[in-house]
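The values are calculated or read from the model by the stated rules, or taken from the named source; none is laboratory data. The structure presented is a predicted model; accordingly, all values stated were derived computationally and were not measured. Every residue, glycine as well, gets a Cβ built from its backbone with ideal geometry; the counts of neighbours run over all protein chains shown. The protein model used for the area step is the full one, side chains on, heavy atoms only, and it has no ligands, DNA or RNA in it. Shrake-Rupley method; radii C 1.70, N 1.55, O 1.52, S 1.80 Å.
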Amino acid sequence: MHEYSIVASLIDVCEKEAKKHRAKAIKRLSVRIGRLSGIEIHFLEQCFETFKEDTICRDAILEIEVCDVVLVCKACGTQSVVSENRFVCPKCQSAEVKMIGGQELHVKSIEIIEEEHERV
Ligand SMILES: [Zn+2]
């Protein structure tokens, strides 16, 4: 499944980040996912919960921000956010639009728990 490999690579990113900062755990992982990325959010969350058990993300919270589709009109240059699957420029009704957002998958931030904090 697509989502499994995404979770695997997200955890991989966290492991590297943790190593870099000598962190003992990941506290929070925030990602941005485009509405048209083809990723099933609920399934991704479910996969994360299953996968994280034996990893640095054991106690991590996965935060998902869903991004809307952003279009740029090739005819008039208007940039617009569309909430429906209607790929038409809202200003001039041209269908000559380019999608510049809505398919992405970005790691927004990773919050780590550092080693020192354990002694407090
Ligand atoms: Zn237009």
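Partners of Lys20 within straight-line reach, counting aspartates and glutamates whose Cα lies under 20 Å from its Cα and excluding those fewer than 8 residues away in the same chain: Asp12, Asp54, Asp59, Glu111, Glu114, Glu115, Glu116, Glu118. The listed residues Leu44, Leu62, once ranked by accessible area (1.4 Å probe) with the largest placed first, stand as Leu62, Leu44. Of the trypsin sites (Lys or Arg not before Pro) found in region 1-109, those in coil by DSSP whose Cβ has at most 11 other Cβ atoms within 10 Å are Arg22, Arg58, Arg86. Listed by chain and number, the aspartates and glutamates placed with their C-alpha closer than 15 angstrom to that of Lys74 are Glu96; residues fewer than eight positions away on the same chain are left out.
Residues in region 2-114 average 60 Å² of solvent-accessible surface per residue, probe 1.4 Å, ligands and nucleic acids excluded. Counting only lysines at least 8 places from Lys16 when in the same chain, those with an alpha carbon closer than 18 Å to its own are Lys24, Lys27, Lys52, Lys108.
Classify region 2-114 from the C-alpha gyration tensor, please: rounded if a/c falls under 1.5, else prolate or oblate depending on whether a/b exceeds b/c. Verdict is prolate for region 2-114.
Where does helix 2-20 land angle-wise versus the long Cα axis of the chain, in degrees 0 to 90, nearest 10? Its long axis makes an angle of about 50 degrees.
Let me check something: with ligands and nucleic acids excluded, how do Thr55, Thr50 order by accessible area (1.4 Å probe), largest to smallest?
Thr50, Thr55
Axis of helix 41-51 versus longest Cα principal axis of the chain: the two differ by about 20°, to the nearest ten degrees.
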